[in-house]
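Here the structure comes first, spelled out in structure tokens, and everything after it is commentary.
The values are calculated or read from the model by the stated rules, or taken from the named source; none is laboratory data. In this text, all values refer to a predicted model and were calculated from it rather than measured experimentally. Cβ placement follows ideal geometry from the backbone for every residue including glycine, while neighbour counts extend to all protein chains displayed. The protein model used for the area step is the full one, side chains on, heavy atoms only, and it has no ligands, DNA or RNA in it. Shrake-Rupley method; radii C 1.70, N 1.55, O 1.52, S 1.80 Å.
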Amino acid sequence: ERHEVINFSPGPAKLPCQVLMQAQKDLTNYNGTGVSVMELSHRSQDFNKILTAAENDLRDLLDIPSNYKVLFLQGGGTGQFSAVACNLMNLREGQTADYFVTGCWSAKAAKEAEKFGKVNYVLPKSNKYTSIPDKSEWNLSPDASYVYYCDNETVHGVEFQFIPDTKGVPLVCDMSSNILTRKFDVNKFGVIFAGAQKNIGCAGCTVVIIREDLIGQQMSNTPTVFCYKTQVGNNSLYNTPPTYSIYIMGLVFRWKKEHGGVEAMEDNSKQKSDMIYKIVNNSSGFFVCPVDKKCRSRTNIPFRIGSQDGCDVLEKKFIDEAAEKGMIQLKGHRSVGGIRVSLYNAVTVKETQYLAEFMEDFLAKHR
Ligand code: PMP
């Protein structure tokens, strides 16, 4: 490993060391071209190879069917909050979309969609975001153009353990913080998107996977750069794509394939998150995770120390002592406080074990 630091950041997050070493090697002279990847024309053959390989590797990893297109765009997950609405709101008359709001990211997506059409909130309103209400409480509209949800809420640590049944209405999913951490059936979705900076690569690129038949019904005022039809028609090259981010992504996809693919990532993800939740659950209320056990995230684990509202002194001590041991980025999001442990694919079981041991020690000392 490269140094003594373990990065538990929610994103931009840790990248596999092998990927960084390869990037370093390619930095000034990519593949004998005499120039850096950053200096390659996005229309050059060399870059085209990078783009094609990245797409093919992602298709392999997620088993993406041929009737789905893959885009590599700019604008982040936030850009897709708007793009989804512009491109899909028109699918049905009435321009209504159903939104599951289970945390701050789906809340932001719904708010953005309100600019472009009618948003129906599927779940009873709440700002606690600690559970996913039972099906009996869902209010799906009969004429929705699409149904939207966020598979894993990065700040609140709420993750769906099932795919909502929309009775044929196209399903749109934000998988920014858990894509490639478990197997799922792409056929169940209309659109899937994910920002790169957590589980896929470095910031700058957003992957969009879209079912062919949903392309082409965008609203007339859709910004061209976000128009799925235009970007698909130009193989993500309508405008200059984030070339370096796509290159890093390609290296990460290859690394995942070489390390057992999504199946192995899923095993690791379960092992790592189980390790941390076990300590939380057995701490007799010293570590408190507010999230319902049925929907606890495997990739982002928020908890308080000392009580449900947390104890500032203990939480600060935890973060400081962890940092002294080289474990960084454990501070919870400012909106929820406390601690957050992010366990994306590049964080190893061994690194998680190290944190687990620290948590056990901390518990023994301060309980
Ligand atoms: N969705 C989720 C689940 C996220 O965690 C984030 C960012 N942390 C976003 C969307 C927004 O992504 P970006 O900052 O790339 O716009």
Problem - Matching residues in the range 324-343 - criterion: being more than 25 Å from residue 270 (Cα to Cα) and either outside any loop (DSSP other than H, G, I, E, B) or touching a Lys or Arg at 6+ places or on another chain (Cβ under 6 Å) (or both) - result: 324
Handout entry: residue 241 modelled with pLDDT of 95 or more and closer than 28 Å to residue 18 by Cβ
Key = yes
Practice task
Kindly check whether there is at least one residue in the range 87-99 that is surrounded by fewer than 22 Cβ atoms within 10 Å (Cβ to Cβ), within 16 Å of the ligand (Cβ to nearest atom), at pLDDT 95 or above and within 19 Å of the chain's Cα centre (by Cα).
Solution key: no
Completion exercise
Filtering the range 307-317 down to residues that are within 30 Å of residue 161 (Cα to Cα), out of contact with any strand residue (DSSP E or B) (no Cβ under 6 Å at 6 or more places or on another chain) and either open to solvent by 50 Å² or more (accessible area, probe 1.4 Å) or at pLDDT 95 or above (or both) yields 309
Completion exercise
residue 346 vs (1) open to solvent by 30 Å² or more (accessible area, probe 1.4 Å); (2) assigned to a loop (DSSP other than H, G, I, E, B): all pass except (1)
Exercise for the section: Filter the range 99-149 for residues that are within 15 Å of residue 172 (Cα to Cα) and part of a strand (DSSP E or B) and give the result. Expected result: 99, 119, 120, 121, 146, 147, 148, 149
Problem - Unmet criterion (only one of (1) surrounded by 22 or more Cβ atoms within 10 Å (Cβ to Cβ); (2) not in a loop (DSSP other than H, G, I, E, B)) for residue 187 - result: (1)
Exercise for the section: Hey, can you tell me all the residues within the range 10-56 that are more than 16 Å from the ligand (Cβ to nearest atom) and at positive phi? Expected result: 31, 32, 34
Problem - Which numbered condition residue 197 fails, given (1) part of a loop (DSSP other than H, G, I, E, B); (2) surrounded by fewer than 19 Cβ atoms within 10 Å (Cβ to Cβ); (3) of a type outside the set (A, V, I, L, M) - result: (2)
Practice task
Output the qualifying pairs, or none if there are none: Cβ atoms under 8 angstrom, residues six or more apart or on different chains, first residue in the range 74-85 and more than 12 Å from residue 108 (Cβ to Cβ) and in contact (Cβ under 8 Å) with a residue 40 or more places away in the chain, second residue open to solvent by 10 Å² or more (accessible area, probe 1.4 Å) and near the ligand (Cβ under 8 Å from one of its atoms).
Solution key: 83/75
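Is at least one residue of the range 219-231 within 15 Å of the ligand (Cβ to nearest atom), open to solvent by less than 10 Å² (accessible area, probe 1.4 Å) and aromatic (Phe, Trp, Tyr)?
The answer is no, given that none of the residues of the range 219-231 is within 15 Å of the ligand (Cβ to nearest atom), open to solvent by less than 10 Å² (accessible area, probe 1.4 Å) and aromatic (Phe, Trp, Tyr).
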Problem - Number of the condition not met by residue 145 [criteria: (1) under 23 Å from residue 182 (Cβ atoms); (2) crowded, with 23+ Cβ neighbours inside 10 Å; (3) in contact with a helix residue (DSSP H, G or I) (Cβ under 7 Å, 6 or more places away or on another chain); (4) not aromatic (Phe, Trp, Tyr)] - result: (1)
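How many residues are of a type in the set (Val, Ile, Thr), open to solvent by less than 20 Å² (accessible area, probe 1.4 Å) and within 18 Å of residue 199 (Cα to Cα) if we restrict to the range 49-86? Can you show your working first?
At the first step, the residues of the range 49-86 found to be of a type in the set (Val, Ile, Thr) are 50, 52, 64, 70, 78, 84.
In the following step, the residues that additionally are open to solvent by less than 20 Å² (accessible area, probe 1.4 Å) were identified as 50, 64, 70, 84.
If we keep only those that are within 18 Å of residue 199 (Cα to Cα) as well, we get 64, 70.
Final tally of qualifying residues: 2.
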Exercise for the section: Working only within the range 112-159, note down all residues that are under 23 Å from residue 297 (Cβ atoms), among the polar types (S, T, N, Q) and at pLDDT 95 or above. Expected result: 130, 131, 152, 154
Problem - Filter result for the condition that a residue is over 17 Å from the mean Cα position of the chain (by Cα), aliphatic (A, V, I, L, M) and open to solvent by less than 10 Å² (accessible area, probe 1.4 Å), over 158, 169, 122 - result: 122
Problem - Selection from the range 1-12 of residues that are at pLDDT 95 or above and either within 16 Å of residue 250 (Cα to Cα) or of a type outside the set (A, V, I, L, M) (or both) - result: 7, 8, 9, 10, 11, 12
Fill in the blank from the handout: Those residues of the range 77-98 which are among the small types (Gly, Ala, Ser) and in a loop (DSSP other than H, G, I, E, B) amount to 94
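Within the range 251-260, track down each residue that is assigned to a helix (DSSP H, G or I) and open to solvent by 10 Å² or more (accessible area, probe 1.4 Å).
Hits for the range 251-260 are 251, 254, 255, 257, 258.
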